[in-house]
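Trainee: My structure is below; once you've seen it, I'll send some questions.
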Amino acid sequence: MESLSCLVLKPSPPTRLFFPPRIPQMALPGSTFGFPSSMDYQLPITTAKLALKPIRASTSTVPTTPSTTSTVASSPTAASTKKALVPIGFGTEEMEAVILVDVLRRAGAEVTVASVEPQLEVHASGGTKLVADTRISTCSDRVFDLVALPGGMPGSAQLRDCEILKKITSKQAEEKRLYGGISTAPAVTLLPWGLLKRKRTTCHPAFFDRLPTFWAVKSNIQVSGELTTSQGPGTSFLFALALVEQLFGESVAREIGELLFMHSADDKPRKEEFNKVDWAVSHTPRVLVPVANGSEEIEIVTIVDILRRAKVDVVVASVEKSVKILASQGVKIIADKLIGDAAGSIYDLIILPGGVAGTGQLQKSRILKKLLKEQDAARRMLGAVCSSPTVLHKHGLLKEKKATAHPSAITELSNPVDGPKVVIDGKLITSMGLATVSDFALAIVIKFFGHARARSVAEGLVFEYPRS
């Protein structure tokens, strides 16, 4: 039997982070993702800026189910494979872990997701069930170009108490290879290991007072030599792209950012609403998120995490024969139930995630088709992101509704709105997908509960809430 040297404790329930409103920070004019490796570099950008700016995607170098946007393999720097380790444990923040893995794989990195628990299946802080590629004990003798720690509580404590991971990360720092942490990881994991010495560091605002005062920096991204730190789920894309640039170069980071709809110039409206109606319900809102092999993991996890933070009752249901699905960039997710078991309940909102292969699977599901048609007939809410609005269109559920979608799919819609990241028309909500799904999920929170709760959720994410 494989030996496990991580200390295994009976974990307490995951903790979600909330804190007072943060002071908005100004973006650097014309800032790109240039991070000098020989000096400290601070990126005081409040959030990732999103824009509709698609570029040509080339064939994926990672053997995964096809995605709406594929790995950047055309770059010469991506040809030399870089190896990255992303450890996870009970209570790891799922947005931070999944966005890290997804973005690094899109850039061409060989990413290993390793569990510090006795089992591969890990319950993340928001209730999403992830399945690691391997146990951390199999990684002790491997050399990685990058070790990146997601945050979340008690996930960061679980990582901290794993002796194997401590040795791997300490050796990484000693040998001047890249390492980093986001959210609670810098203060809870890296600091006790002594890996923040003489390093300027940032972390989640709720844990900022744990950092050494002189070296603590209130910025969304802080690069200090081989160490990169960041603040929370809302800065995960910036954190991942900072690591991509250090591994593969600025051009690859910029290309990935464009593929994900991130841009420093926010020249597109976040949201546009037509035929405004009230979504408020007298009970806890119930939301169904159907998933399939090839569904886009960023979209699944971000939508589910944000809605659960807002106290929405979310059910993730697989349209496959198994509750375990393989998402578009190779992340393994366990759904709450099969679609047949979920079909007996009534949902206030059904949301379809994107991903080319996943969208195809969702469209083939007869049970889901019936659910969608019943939802529409009962005048309840429908949502779709990325390529999945085409499923609603092909089932005749868009009719004269205004909608948006991924640029590769928007031309298939009968009444497309090209520009806003999120479009609401009555009881239909759609989004371009990928990095725009945070705005999509928060727009749903606003419709169900109002701005106060959405603002509170955004602050916990360290995500800039729109002023208007």
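Trainee: Does Leu397 qualify as being among the aliphatic types (A, V, I, L, M), within 22 Å of Ala327 (Cα to Cα) and at pLDDT 95 or above?
Mentor: So Leu397 does not fit the description; no.
Trainee: How many of the residues making up region 318-343 are open to solvent by less than 20 Å² (accessible area, probe 1.4 Å), part of a strand (DSSP E or B) and farther than 28 Å from Ala114 by Cβ?
Mentor: Residues in region 318-343 being open to solvent by less than 20 Å² (accessible area, probe 1.4 Å), part of a strand (DSSP E or B) and farther than 28 Å from Ala114 by Cβ: 0 in total.
Trainee: Follow-up question, since we're still on this one. Tell me, which strands (runs of 3 or more DSSP E) wholly within region 119-194 include 3 or more residues that are touching a helix residue (DSSP H, G or I) at 6+ places or on another chain (Cβ under 6 Å), of a type in the set (A, V, I, L, M, F, W, C) and not assigned by the TED database to the domain that holds Lys324?
Mentor: 146-149
Trainee: Pull out all pairs, ordered by first then second residue, where Cβ-Cβ is under 6 Å, the residues are six or more apart or on different chains, the first lies in region 398-417 and is over 20 Å from Met381 (Cβ atoms), and the second is of a type outside the set (Lys, Arg) and open to solvent by 40 Å² or more (accessible area, probe 1.4 Å).
Mentor: Taking only residues 6 or more apart or on different chains, the pairs are Pro407/Pro54; Ile410/Pro416.
Let's see how each residue does on (1) hydrophobic (A, V, I, L, M, F, W, C); (2) free of Cβ contacts under 8 Å to residues at least 12 places away in the same chain; (3) outside any loop (DSSP other than H, G, I, E, B):
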site: Thr430; (1), (2), (3): no, no, yes
site: Ala435; (1), (2), (3): yes, no, yes
site: Phe440; (1), (2), (3): yes, no, yes
site: Val445; (1), (2), (3): yes, no, yes
site: Ala452; (1), (2), (3): yes, yes, yes
site: Val457; (1), (2), (3): yes, no, yes
site: Gly460; (1), (2), (3): no, no, yes
site: Pro466; (1), (2), (3): no, no, no
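Trainee: Return yes or no: is Leu371 surrounded by 20 or more Cβ atoms within 10 Å (Cβ to Cβ), at pLDDT 95 or above, of a type outside the set (Phe, Trp, Tyr) and within 21 Å of Lys427 (Cα to Cα)?
Mentor: yes
Trainee: Could you tell me whether any residue of region 329-343 is acidic (Asp, Glu), assigned by the TED database to the domain that holds Gly396 and over 19 Å from the mean Cα position of the chain (by Cα)?
Mentor: Yes, region 329-343 has at least one match.
Trainee: Of the residues Ala185, Ala157, Ala148, only one is surrounded by fewer than 22 Cβ atoms within 10 Å (Cβ to Cβ) and modelled with pLDDT of 95 or more; which?
Mentor: After applying the criteria, what remains is Ala157.
Trainee: Related question: From (1) touching a Phe, Trp or Tyr at 6+ places or on another chain (Cβ under 7 Å); (2) more than 19 Å from Gly232 (Cα to Cα), pick out the condition that doesn't hold for Thr184.
Mentor: (2)
Trainee: From the set of residues in region 218-264 that are hydroxyl-bearing (Ser, Thr, Tyr) and part of a loop (DSSP other than H, G, I, E, B), which is surrounded by the fewest Cβ atoms within 10 Å (Cβ to Cβ)?
Mentor: Ser264
Trainee: A further question follows. Of the residues Leu104, Leu120, which is open to solvent by less than 10 Å² (accessible area, probe 1.4 Å) and over 18 Å from Val291 (Cβ atoms)?
Mentor: Of Leu104, Leu120, the one residue that is open to solvent by less than 10 Å² (accessible area, probe 1.4 Å) and over 18 Å from Val291 (Cβ atoms) is Leu104.
Trainee: Quick check on region 411-421. Is at least one of its residues in a helix (DSSP H, G or I), closer than 21 Å to Leu372 by Cβ and either modelled with pLDDT of 95 or more or not hydroxyl-bearing (Ser, Thr, Tyr) (or both)?
Mentor: Checked against the condition, which is being in a helix (DSSP H, G or I), closer than 21 Å to Leu372 by Cβ and either modelled with pLDDT of 95 or more or not hydroxyl-bearing (Ser, Thr, Tyr) (or both), region 411-421 yields at least one hit.
Trainee: Could you list, in sequence order, all residues of region 161-182 that are free of Cβ contacts under 8 Å to residues at least 40 places away in the same chain and open to solvent by 30 Å² or more (accessible area, probe 1.4 Å)?
Mentor: Of everything in region 161-182, those that are free of Cβ contacts under 8 Å to residues at least 40 places away in the same chain and open to solvent by 30 Å² or more (accessible area, probe 1.4 Å) turn out to be Lys166, Lys167, Lys171, Glu174, Glu175.
Trainee: Taking the conditions exactly as written (among the hydroxyl-bearing types (Ser, Thr, Tyr), part of a loop (DSSP other than H, G, I, E, B) and within 19 Å of Val457 (Cβ to Cβ)), does Thr284 satisfy them or not?
Mentor: Yes; evaluated as a whole, the condition is true for this residue.
Trainee: Moving on. How about region 95-153: which of its residues are among the basic types (Lys, Arg) and more than 30 Å from Val457 (Cβ to Cβ)?
Mentor: If the condition is that a residue be among the basic types (Lys, Arg) and more than 30 Å from Val457 (Cβ to Cβ), then Arg135, Arg142 are the ones that fit.
Trainee: State yes or no: is Ile346 open to solvent by 10 Å² or more (accessible area, probe 1.4 Å) and in a helix (DSSP H, G or I)?
Mentor: Taking the combined requirement at face value, the residue does not satisfy it.
Trainee: Here are Arg379, Arg308: which of them is out of contact with any Lys or Arg (no Cβ under 7 Å at 6 or more places or on another chain) and open to solvent by 10 Å² or more (accessible area, probe 1.4 Å)?
Mentor: So the residue among Arg379, Arg308 that is out of contact with any Lys or Arg (no Cβ under 7 Å at 6 or more places or on another chain) and open to solvent by 10 Å² or more (accessible area, probe 1.4 Å) is Arg308.
Trainee: Of the residues Asp278, Asp267, Asp313, only one is of a type in the set (Asp, Glu), surrounded by fewer than 23 Cβ atoms within 10 Å (Cβ to Cβ) and modelled with pLDDT under 95; which?
Mentor: Testing whether each residue is of a type in the set (Asp, Glu), surrounded by fewer than 23 Cβ atoms within 10 Å (Cβ to Cβ) and modelled with pLDDT under 95 leaves just Asp267.
Trainee: Is it true that Glu272 is touching a strand residue (DSSP E or B) at 6+ places or on another chain (Cβ under 7 Å) and within 28 Å of Pro466 (Cα to Cα)?
Mentor: Yes; evaluated as a whole, the condition is true for this residue.
The values are calculated or read from the model by the stated rules, or taken from the named source; none is laboratory data. Just so it is clear, the structure is predicted and the values come from calculations on it, not from any experiment. Note: ideal-geometry Cβ built from the backbone for every residue, glycine included; neighbour counts use all protein chains shown. In case anyone asks, the SASA skips ligands and DNA or RNA and just uses the protein heavy atoms, side chains included. Shrake-Rupley method; radii C 1.70, N 1.55, O 1.52, S 1.80 Å.
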